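Step one of this worksheet: look at the structure below.
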Amino acid sequence: MGSDLKTAFRPAISMTILFALLLGIAYPLAMTGVGQALFPSQANGSLITQDGKIIGSSVVGQAFVGERYFHTRPSAAGADGYDGLASSGSNLGPTSQALIDRVAADVEQKRAQGVTEAVPADMVTASGSGLDPDISPDAALAQVSRVSAARGLAQVDVRDLVERSIQRPLLGFLGEDRVNVLELNRQLDRLGSTTAR
Amino acid sequence: MTVEGWILIALFVAILLALAKPVGLWLFALYEGRRTPLHMVLGPVERGFYRLSGIDPNEDQSWRRYAVHMLIFNVALLLFTYVILRLQAVLPLNPQGLGPVSDHLAFNTAISFTANTNWQSYGGEATMSNLSQMLGLTIHNFLSAATGIALAFALFRGFARRSAAGIGNFWADVTRVTLYLLLPLCVVLAVFYIASGVPQTLAGPVDVTTLEGARQTLALGPVASQEAIKMLGTNGGGFFNANSAHPFESPTALTNLVQMLSIFLIGVGLTYTFGKAVGNTRQGWAILAAMMALFLAGTAIVYWQEAAGNPNLHALGVMGGNMEGKEVRFGIAASALFSVVTTAASCGAVNAMHDSFTPLGGMIPLFNMQLGEVVIGGVGAGIYGFLLFAILAVFVAGLMVGRTPEYVGKKIEGKEVKLAVLAIAVLPLIILSFTAIASVLDAGLAGPLNKGPHGFSEILYAFTSAVANNGSAFAGLTANTPFYNAMLGVAIWMGRFFVIVPMLAIAGSLAAKKYVPETAGSFPTTGPLWTGLLIGIVLIVGGLTFLPGLALGPIADHLAMIRGQLY
């Protein structure tokens with residue numbers, strides 16, 4: 001036992017240092033180099049620039065609260081939601097009074113905004129990350145009347161835009177039908193400007 | 001539930017079954033210390049590591065020496081990470097200027113990453129500098145996984161060798177697994193993740209002005225390199241607080257599928273390696289069959305419950321399944337599948353918040369861990385955990401037919417059975433006693449976010465996850481407190497090493513035994529009867545102890561939910 005212990009220290013310390021250099025420094029740095037060289041956009045967060053300003057990331061959701069935009073899902077990331085430094089779900093359980101109260105309030109708000117049908121689940125539930133970039137097609141379509149009214153656009157045009165924005169699952173089963181809200185809202189801004197012109 | 005959802009689950013299983021043999025054969029080459037094509041490139045690195053460390057890779061170690069060297073290495077790694085985390089404020093690559101990690105959090109995190117648990121008491125993006133992520137955490141993701149696989153190799157040698165004094169060389173096993181399996185696969189996976197939208201940069205957070213003119217700050221970092229090994233090594237510690245639910249960790253349904261496959265890949269391969277090592281691949285397939293049966297049963301229950309949704313929300317006019325805590329791009333099926341995969345293995349990464357699952361949907365992940373994560377299981381840990389159950393199963397079968405039990409050519413005697421029971425008893429003993437303590441102390445009761453039975457589930461889940469070395473959480477629990485960091489840290493350490501040491505003792509004892517050829521009187525350890533017995537033993541010995549706890553938590557919660565009782 002004594003010799004087992006005595007022979008252990010040198011390899012333990014030496015291998016810790018060697019592996020730290022290989023796995024903790026060389027490997028991540030090499031991957032950073034490869035990523036920056038081959039896929040610079042993705043490696044830096046898939047950022048979208050518009051009029052010289054960074055307006056967001058194509059894979060991360062952001063908050064939309066105004067009447068003129070399609071809204072993302074409720075978010076538990078940070079105090080105000082969609083905090084990119086504090087990703088989080090609500091962690092409320094299925095029998096939580098706080099969850100039911102929050103959903104009830106959101107359902108009421110959606111009703112006030114003209115949602116008449118059953119409310120799509122994703123519209124009133126917080127995502128796991130609090131940064132979900134997508135909503136379901138149903139949740140987007142349920143907002144068409146509000147958005148088109150706020151922008152003075154024909155409902156049919158806005159509905160068309162939503163339907164064109166639906167991303168289908170890869171190979172038909174991998175993933176879900178979904179709409180990227182930031183992308184949809186950018187298209188919406190363009191739709192507005194062409195109609196105005 | 002949808003047809004597309006079931007196609008996804010079927011495809012997932014089909015890909016894994018197809019990969020079991022090739023991965024198993026590759027692992028077998030490493031188990032035997034044979035040359036692989038990668039030796040041309042990485043051979044000099046391997047030899048250099050041995051030379052600089054004074055290691056003779058051909059030294060055959062006794063089980064005691066194997067165990068001592070493994071333990072000392074793990075302690076050295078633990079101290080290394082503790083120091084890095086405590087000093088991160090003065091070390092480079094800290095673009096956010098984060099302060100040192102608190103002592104109790106650094107203690108918890110260092111233990112947890114050493115033990116392949118990766119419990120996140122911390123929120124990654126707000127606590128850990130880029131250097132801490134790379135140097136402090138990523139190396140454990142490799143080495144705790146390599147340690148697990150090395151230990152599985154040691155146990156395989158116990159079964160395979162005849163009248164042998166040693167069970168292999170710990171350093172050679174760890175180094176070969178890291179260099180010729182984990183690292184090359186991670187390079188490929190990391191490039192795939194980056195191409196799919198996972199960031200890989202040393203830069204700090206970036207400020208954006210949203211379309212509505214608000215300010216949003218997006219945390220970035222070397223995410224992809226960590227993500228690759230996080231899944232492949234069944235570690236599960238996320239770069240971000242929200243783990244694989246975060247779009248920067250898993251931006252698409254395809255990355256989600258690859259992550260799930262990564263979790264199971266090595267565990268599935270090791271079942272084949274075991275069969276190969278003991279000279280009968282049907283032994284490996286029998287184990288894999290038992291694991292898959294348990295896995296599919298669990299997946300069906302979670303998917304069914306999550307798709308059915310929460311009746312309390314339906315009453316408010318909300319339609320559809322349970323989307324609280326889930327991402328739209330994954331949907332219900334892929335979230336349900338992920339939750340079962342990550343807890344069947346000892347991964348603990350999450351792509352949806354288990355705390356917000358329906359009660360029974362959340363119970364299956366909990367139960368998977370309570371079984372000891374032997375359904376595929378963590379890399380290495382799954383198969384050696386399962387072989388402990390196999391030893392019990394042949395013992396029970398031996399009692400029934402009145403013969404000395406044998407397994408894959410080795411007599412299983414009192415010593416092995418006692419050690420196996422010791423290792424298996426660690427789980428319920430620590431989980432239940434620590435949960436009981438936390439459930440009566442004020443410091444423990446301050447933790448849960450949810451009230452009622454769900455609050456108890458949060459505590460039970462935390463200690464289960466810690467002892468089983470999973471690392472996923474019912475994350476409503478406020479665990480970053482001195483009480484929980486200390487209790488969980490100790491629980492993690494005991495859950496890892498109190499199982500490993502008896503397991504290595506079994507390996508040593510078996511290796512020394514003679515080979516017993518199979519006769520007409522031997523109990524066959526291939527075929528459906530054996531698979532059925534294995535499933536029974538896992539469920540009864542592993543699971544039954546937890547039934548009262550589950551009744552107080554998820555089952556009570558379920559009854560409350562369908563009655564509309566809120567807390």
Counted residues in the stretch A:152-186 being within 11 Å of chain B (Cβ to nearest Cβ), touching a helix residue (DSSP H, G or I) at 6+ places or on another chain (Cβ under 7 Å) and aliphatic (A, V, I, L, M) come to 4
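Matching residues to (1) of a type in the set (Lys, Arg); (2) within 14 Å of chain A (Cβ to nearest Cβ); (3) crowded, with 24+ Cβ neighbours inside 10 Å; (4) assigned to a helix (DSSP H, G or I):
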position	(1), (2), (3), (4)
B:285	no, no, no, yes
B:290	no, no, yes, yes
B:313	no, yes, yes, yes
B:328	no, yes, yes, no
B:334	no, yes, yes, yes
B:342	no, yes, yes, yes
B:352	no, yes, yes, no
B:364	no, no, yes, yes
B:386	no, no, yes, yes
Quick count over the stretch B:506-532, residues being surrounded by fewer than 20 Cβ atoms within 10 Å (Cβ to Cβ) and either touching a residue at least 12 places away in the same chain (Cβ under 8 Å) or in a helix (DSSP H, G or I) (or both), is 16
Within the stretch B:410-454, restricting to residues that are over 25 Å from residue B:356 (Cα atoms) and basic (Lys, Arg), the one that is nearest to the other protein chains (Cβ to nearest Cβ) is B:415
### Query
Hey, any hits in the stretch A:91-103 for a residue that's surrounded by fewer than 20 Cβ atoms within 10 Å (Cβ to Cβ), facing another protein chain (nearest Cβ under 7 Å), in a helix (DSSP H, G or I) and not aromatic (Phe, Trp, Tyr)?
yes
Note on the stretch B:107-144: residues assigned to a loop (DSSP other than H, G, I, E, B) and more than 9 Å from every other protein chain (Cβ to nearest Cβ) are B:115, B:116, B:117, B:118, B:119, B:120, B:121, B:122, B:128, B:129
Over the stretch A:27-47, the set of residues part of a helix (DSSP H, G or I) and surrounded by 13 or more Cβ atoms within 10 Å (Cβ to Cβ) is A:27, A:28, A:29, A:30, A:31, A:32, A:34, A:35, A:36, A:42, A:43
Would you confirm, using the coordinates I've provided, whether residue A:122 is of a type in the set (Asp, Glu), without any contact (Cβ under 8 Å) to a residue 60 or more places away in the chain and facing chain B (nearest Cβ under 7 Å)? yes
The correct count of residues that are at pLDDT 95 or above and within 7 Å of another protein chain (Cβ to nearest Cβ) in the stretch A:69-87 is 2
Checking B:242, B:214, B:228, B:219 in turn, the sole residue that is facing another protein chain (nearest Cβ under 7 Å) and under 21 Å from the mean Cα position of the chain (by Cα) turns out to be B:242
Those residues of the stretch B:194-211 which are within 9 Å of another protein chain (Cβ to nearest Cβ) and not aliphatic (A, V, I, L, M) amount to B:196, B:197, B:199, B:200, B:201, B:205, B:207, B:209, B:210
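The values are calculated or read from the model by the stated rules, or taken from the named source; none is laboratory data. All values derive from a computational prediction rather than experimental measurement. Cβ: placed from backbone, ideal geometry, glycine included. Neighbour counts: every protein chain shown.
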